[in-house]
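Chemist: Here you go, one structure.
Only the coordinates and a few stated rules stand behind these numbers; no lab work does. Quick caveat: nothing in here was measured; it's all calculated off a predicted structure. Quick reminder, even Gly has a Cβ in these numbers, built from the backbone with ideal geometry, and neighbours come from all protein chains shown.
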Amino acid sequence: MSPRPGDRMRQLLKRLQTRSFGRVFRRLYTIAKRYGFTASRYREALKTFVDDAASLRITPTFPVTADLLSKHGSIIKEIQDLGAEFAIHGYRHIDYSLTDAATFGRHLEKAGELFAAHGVAHAGFRFPYLKMSDEHLRLLSENGFSWDSSTVISWDVVDEQAFTAVQRENYRRILDTYSASAHETAISVPAIRHGMVEIPVAVPDDDMIVERLECSDEETIYRYWNAMFSSVLEHQESLVLQLHPERFFIFREPLFRLLDEAAANSDVWLASLGEIADWWRLRHQFRPQFSRTGNGELEVRYPLDGRITVCWMHADETRFSFEHREANGDCVCRIPGDVLPIVGLAGGAESDATLVGCLDAEGYVYETADRESEYAVMIEKRSTYDTADVEERLARARRPLMKLGRWPSGCRAALAVTGDIDCIDVFDFFNRIAG
Ligand SMILES: [Zn+2]
């Protein structure tokens, strides 16, 4: 699928706004020196990456373009057989935000066919250059994808005074192209958008630290990533470390130092992006059944898969009359009163992505409703919502109110490792920058 000449020029011009010619060719030299002219060194990096991760029971997720898969299919299959998870990183490594929907749809279809023909699983997607839009996300959903991981959250962990003005400028310029949300104002957890699970990736990544800040110091890399991880643990969020396997031997030590510590911490759920997406969907779809007992109590019944944690927020210290697990695995309890301990959404409020994202993030159970008196709290459709707005409404909700734990089995945070496979040998790299 060759691009049209006009598309090719627009893509090239766009890339040159973030990379000077000098930088591109310095990078080409680095790539040639680091990997040579065959795929063998990249293959070795991928194998070592997966082996190291397997020793900690971690499954890394590697988005790869379909054109690389068709050229290096045997390597990708070998790495999949070693236990890695793959996702589609476009048909080619181009900025899809500059292509129309029809072109993107065609690329998706062709990429899906190629992955299927090679027997490589592909439930997820990551946009090249992390450039996406709602329209593109909708097309992913229509094409049967389950998750995407292209939104970006940035942590302010870089000690800028340690770098030159040029390095800082290069760092900021690439950050600008990602349209990243600052972690101070954004919550780092997945969200359901257009039926897709969107999983945010974390920056600074290896590219920003090693190439833009020109820092390969292992202690510094560890310090940055560990600061990000500590804040995720504190706020009970997810950290998706986005890395590029071509630099594996530069970040191997700090990455696995961090992963070792995370694996030893029972509060941390180490998961692949596919596992995170499945979990978030399961939790999003969790719906208990309610029945009124006739004696002033409400029976609440929900299936337990052993991983979902249900927390109850009480008005006082009153506990339920009983709570037990039935033979079929359902959990049953009775709560006082006949008010449903969940959030009612009225007037189309359930279609508001901000509101639903906020409820999902905090673990509130909700359903479409029309009678305010039946729900612990009712939220009506508005033109806009902000997080503080929703939190204020929930703080005034009647109790008891049920909430779901954010991560499986009571874990406090989730950690995933993912690496974009953008080129495997130096010829792939040249093809990529030539458009
Ligand atoms: Zn990429």
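Chemist: Test of understanding: what is the full-extension gain from residue 316 to residue 289, defined as 0.36 nm times their sequence separation minus their Cα-Cα distance? It would help to have the intermediate numbers written out before the result.
Modeler: On the way: separation 27, 0.36 × 27 = 9.72 nm, distance 2.39 nm.
Difference between extended and current length: 7.3 nm.
Chemist: At q = 0.08, 0.10 Å⁻¹, work out log10 I(q)/I(0) for the chain with the Debye formula, treating every Cα as an identical point scatterer and leaving solvent out; two decimals please.
Modeler: Debye curve over Cα of the chain, log10 I(q)/I(0) at q = 0.08, 0.10 Å⁻¹: -0.50, -0.76.
Chemist: Could you tell me the number of lysine pairs in the chain with C-alpha atoms less than 28 Å from each other, where the two lysines are 8 or more residues apart or belong to different chains?
Modeler: The result is 16.
Chemist: Compute the long axis of helix 40-55 from its Cα atoms, compare it with the longest principal axis of the Cα atoms of the chain, and write down the angle in degrees, 0 to 90, nearest 10.
Modeler: Long axis of 40-55 versus the principal axis of the chain: about 30 degrees.
Chemist: Can you list the residues, at least 5 places off or on another chain, whose amide H is less than 5 Å from the amide H of residue 87, using H built in the peptide plane?
Modeler: For residue 87, the qualifying residues are 62, 64.
Chemist: Considering the dipole of the chain built from charges on the beta carbon (Lys and Arg +1, Asp and Glu -1) around the Cα centre, which of 263, 313, 249 is farthest to its positive end?
Modeler: The residue sitting most towards the positive pole is 249.
Chemist: Considering only 54, 271, 87, give the residue with the highest GNM mean-square fluctuation for the chain, with springs between Cα atoms whenever their separation is below 10 Å.
Modeler: Sorting by GNM fluctuation, first place goes to 54.
Chemist: Picking from 217, 386, 67, which is most flexible by a Gaussian network model of the chain using Cα springs under 10 Å?
Modeler: Looking only at 217, 386, 67, the largest GNM fluctuation is found for 386.
Chemist: Let me ask something else about it. For the chain, what does -39500 (n - 2.57) per DSSP helix run (n ≥ 4), summed and divided by total residues, give at 222 nm, in deg cm²/dmol to the nearest 500? Mind dumping the intermediate values first?
Modeler: Numbers: 14 runs with 173 residues, N = 435.
Taking each H run of at least 4 residues, the total per residue is -12500 deg cm²/dmol.
Chemist: Also: Compute the long axis of helix 353-362 from its Cα atoms, compare it with the longest principal axis of the Cα atoms of the chain, and write down the angle in degrees, 0 to 90, nearest 10.
Modeler: 70
Chemist: In debye, nearest 20: dipole of the chain around its Cα centre with unit charges on the Cβ of K, R (+) and D, E (-)? Show your work: numbers first, answer last.
Modeler: Details: 52 positive and 66 negative charges, 262 e Å.
Dipole about the Cα centre, nearest 20: 1260 debye.
Chemist: For the stretch 247-259, in order, what is each residue's ³J(HN,Hα) by Karplus, 6.51 cos²θ - 1.76 cosθ + 1.60 with θ = phi - 60°, in whole Hz (x at glycine and Pro)?
Modeler: Here the 3J(HN,Hα) series is 9, 3, 6, 8, 9, 4, 5, x, 5, 6, 5, 5, 5 Hz.
Chemist: Then there's this: By average Cβ neighbour count within 10 Å, what is the ranking of 179-188, 403-412 from highest down?
Modeler: Details: 179-188: 15.6, 403-412: 18.3.
The peptides rank, most packed first, as 403-412, 179-188.
Chemist: Give me the mean projected area, in nm² to one decimal, of the convex hull enclosing the Cα positions of the stretch 288-409.
Modeler: Details: hull surface 31.9 nm².
Mean projected area for the stretch 288-409: 8.0 nm², to one decimal.
Chemist: Which of the peptides 288-299, 142-153 is most tightly packed, and how do the rest follow, judged by the mean count of other Cβ atoms within 10 Å per residue? Could you put the intermediate results ahead of the total?
Modeler: On the way: 288-299: 13.1, 142-153: 20.7.
Output ranking for 288-299, 142-153: 142-153, 288-299.
Chemist: Using +1 on the beta carbon of Lys and Arg, -1 on that of Asp and Glu, and nothing else charged, what's the dipole of the stretch 288-409 about the Cα centre, debye to 20? All intermediate terms of the calculation are to be shown ahead of the outcome.
Modeler: Working: 15 positive and 22 negative charges, 49 e Å.
Dipole magnitude for the stretch 288-409 comes out near 240 debye.
Chemist: Given a Förster distance of 35 angstrom, what is the FRET efficiency for residue 38 paired with residue 116, based on the Cβ-Cβ distance and rounded to 0.05?
Modeler: Numbers: r = 27 Å, r/R0 = 0.78.
Efficiency, rounded to the nearest 0.05: 0.80.
Chemist: At what distance in angstrom do the alpha carbon centres of the stretch 34-88 and the stretch 175-231 lie from each other?
Modeler: So the separation of the two Cα centres works out to 22 Å.
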